[in-house]
């Protein structure tokens, strides 16, 4: 099921993830999609479950939307301290607000971006609160 969904969304990618449309190995796409589903489920679900909209959305659909935002250059898929993160860029909220085609989904997309930002803030504060290792 997830593979079908991943292939369906791959066809719409025209930005940063467009190279996945040319991949001959579907396992690369499956790994990207699975990684994003795990991130959404492990790191965002607590924030998103408080939302009337996101609490009803399946994890794989939420992951597909995160990847849509990555493709559009609004969220960066990066590695911080050896861990994968999805970081909204500074212009993310304004980009969403300026897209007429997304106006219907503006509130939900902004909630998702806020959850991504909140997750990064949590990581940052937990990292600062740890004692420095002794040499």
Just for helices (runs of 4 or more DSSP H) wholly inside the range 23-133: which have at least 3 residues that are touching a residue at least 40 places away in the same chain (Cβ under 8 Å), more than 14 Å from the chain's Cα centre (by Cα) and farther than 18 Å from residue 13 by Cβ?
106-129
Counting only residues that are over 16 Å from residue 48 (Cβ atoms) and touching a strand residue (DSSP E or B) at 6+ places or on another chain (Cβ under 6 Å), how many does the range 58-76 have?
2
Of the residues that sit in the range 23-44 and are out of contact with any helix residue (DSSP H, G or I) (no Cβ under 8 Å at 6 or more places or on another chain) and surrounded by 13 or more Cβ atoms within 10 Å (Cβ to Cβ), which one is farthest from residue 115 (Cα to Cα)?
35
Selected residue [closer than 15 Å to residue 35 by Cα and exposed (fewer than 15 other Cβ atoms within 10 Å of the Cβ)] from 82, 73
82
Confirm whether residue 67 is at negative phi, surrounded by 15 or more Cβ atoms within 10 Å (Cβ to Cβ) and in contact with a helix residue (DSSP H, G or I) (Cβ under 6 Å, 6 or more places away or on another chain).
yes
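Values in this text are rule-based calculations from the coordinates and carry no lab data. Predicted, not measured: the structure shown is a model, and the values here were computed from it. Neighbour counts run over all protein chains shown; Cβ positions are idealised from the backbone, glycine included.
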